[in-house]
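Every read-out reported here was derived from the displayed coordinates using simple, explicitly stated rules and does not represent laboratory data. Everything numeric here is computed off the predicted structure, so don't read it as measured data.
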Amino acid sequence: MSHVIGLYQPGRSSLHRLPAGWKFLGLLVFAALVVVFDRPWQLGVFAGVVCAGFAVARLRPGLVLRTMRTVLVLLGLVFALQWWLLGVESAVVVCLRLLAAIGAANLFTLTTRVDDLVAAIERGASPLRRVGVRPELLGLLVGLTIQAVSALSVLAQQTREAQRARDASRSVAAFAVPFLIRTLRHADELGEALAARGVGDESGARDAEQQEVDTSDERSAEARSDGDAERADVSRHE
């Protein structure tokens, strides 16, 4: 499980039943409001709304804390740095803003299936097909982005466990090098899987279509030539 962006958790709450498209639109609006407002009490209200959302979704507190653990550690570091550079009020604003935005994104992924989100994006982007946008590729991009966060989290956890098994938990290289290798291997496997399904090979598809058109034209020309030759033979016999 990702410690920054959680994975879907099955449930029967009203947030789970809400259509993915409306939840995604609400997340975008919420993120925009978090950026617009800059008073600590306003951002505190937004953070409270996110906490209420976790309660409405009936998610276990232990699960929520595990998914937000890394975020809280990072927020502590950000708060200390902002306090030192810009003052306590700026530190509070920045941290509350990050907490509300990341918490809302986490709540969204915990209550929304990736397949439902991809389908909603494809439906919502279907009018853009007239201007050359392919909704299925846009939905695939969003789905792969969300799943990549989970995949990288799993790879990091596996690498950390292997590092501890080798009694090298304090070595940065013992974690960074294997993690980089596993990430590149995962990227190669993902690229091969997409290529096997023909994703991203539009130029090749166009070349194949053009080749089929050229072949069809050649066959039509040969048929016309054969027909002309037959008619010429008939005329000579007559």
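In units of 2.2 N^0.38 Å, what is the alpha-carbon radius of gyration of region 42-82? Could the numbers behind the result be given before it?
Details: Rg = 12.0 Å, N = 41, 2.2 N^0.38 = 9.0 Å.
Taking the Cα Rg and dividing by 2.2 N^0.38 Å, one obtains 1.33.
So for region 1-151, Kirkwood radius off the Cα pairs, Stokes-Einstein at 20 °C and 1.002 mPa s: how many µm² s⁻¹? Please report the intermediate quantities before stating the final value.
Values: Rh = 16.5 Å.
For the chosen part, D equals 130 µm²/s.
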